[in-house]
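Visitor: Please read through the structure below; I'll follow up with questions.
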Amino acid sequence: MKVILTGELRGKGGEGDIVDVAQGYAENFLFPKRMALPATPGNIKQLEERRHNIAKREEKRIADAEAIKASLDGKSVTVEVRVGEEGQLFGSVTSAMIADAVSEQLEVEIDRKRIERSAAIKTAGTHAVVINLYRDIEATINVLVGADIAAAEAEAEVEEVAEDAVETTEVEAEAEATDAE
């Protein structure tokens, strides 16, 4: 069944595109959610009249996506999670966690559904993550997992060693003071 898309539909096309989809998909999903219209001669004629407006909106969306790509591409964000021994996480890093980190650290709002991950992130370290901004415009960011926590643990360990050294020195000083009496 041929339909006219009223917005972007991942994997199918963008606003104003005429695509072929299964009849059940169109009638049960696309039409009720107003994501598409049937490709009747009247609707196609209206589409031709609106082509200029659709082209303007498309140019704006592409320009916005390119601007976001420029601000994100190659940047790094840190996601703080609990890390066990040998760098294994308790759970995994979710798309929502990455989207929150990007909005907090880079001040760019992205939809978590646009984040593409080939596999779950379950280890500490740096992971490359692709964000699909619009159609074929993608940005790649580096996600540092558990870096701050590992640094905090190392810092706490150094402080603990320093405290032990101070305690040892105090005990030795007391022992010398007792021996001197």
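Visitor: How much of MET1 can a 1.4 Å solvent probe reach, expressed as accessible area in Å² and rounded to 10?
Guide: Here the accessible area works out near 80 Å².
Visitor: Give the ranking of ARG57, ARG112 by solvent-accessible surface, highest area first, calculated with a 1.4 Å probe.
Guide: Details: ARG57 95, ARG112 125 Å².
Greatest to least solvent exposure: ARG112, ARG57.
Visitor: If I ignore ligands, DNA and RNA and count only protein heavy atoms, how much of ASP73 is accessible to a 1.4 Å probe, in Å² to the nearest 10?
Guide: 70
Visitor: Within the stretch 1-139, what whole-number % of the accessible surface is contributed by carbon and sulfur, with the 1.4 Å probe and all protein chains included in the calculation?
Guide: 48
Visitor: Any chance you could tell me what percent of the C-alpha pair distances in the stretch 56-155 go past 15 Å?
Guide: Value for the stretch 56-155: 61 percent of Cα pairs lie more than 15 Å apart.
Visitor: Over the stretch 1-89, average the accessible area per residue using a 1.4 Å probe and give it in Å², no decimals.
Guide: 64
Visitor: Tell me, in nm to one decimal, what length is gained between ALA70 and ASN28 on full extension, where the rule is 0.36 nm per residue of separation less the Cα-Cα distance? The partial results should precede the final answer.
Guide: Numbers: separation 42, 0.36 × 42 = 15.12 nm, distance 3.84 nm.
Difference between extended and current length: 11.3 nm.
Visitor: Give the shape of the stretch 1-118 as rounded, prolate or oblate, defined through the alpha-carbon gyration tensor: a ≥ b ≥ c are the square roots of its eigenvalues, a/c under 1.5 means rounded, and otherwise the shape is prolate if a/b is larger than b/c and oblate if not. If you can, show how the numbers build up before the last one.
Guide: Details: a/c = 4.25, a/b = 1.98, b/c = 2.14.
Oblate shape, in that a/c is at least 1.5 and b/c is the bigger or equal ratio.
Visitor: Further, regarding this structure: Run the reach check for LYS60 against lysines, Cα to Cα strictly under 25 Å, same-chain hits fewer than 8 apart removed. What comes back?
Guide: LYS12, LYS33, LYS45, LYS69, LYS75, LYS113
The values are calculated or read from the model by the stated rules, or taken from the named source; none is laboratory data. Treat the numbers as computed from the prediction; the structure is a model and nothing was measured. The area values use the complete protein model at the heavy-atom level, side chains included, leaving out ligands, DNA and RNA. Shrake-Rupley method; radii C 1.70, N 1.55, O 1.52, S 1.80 Å.
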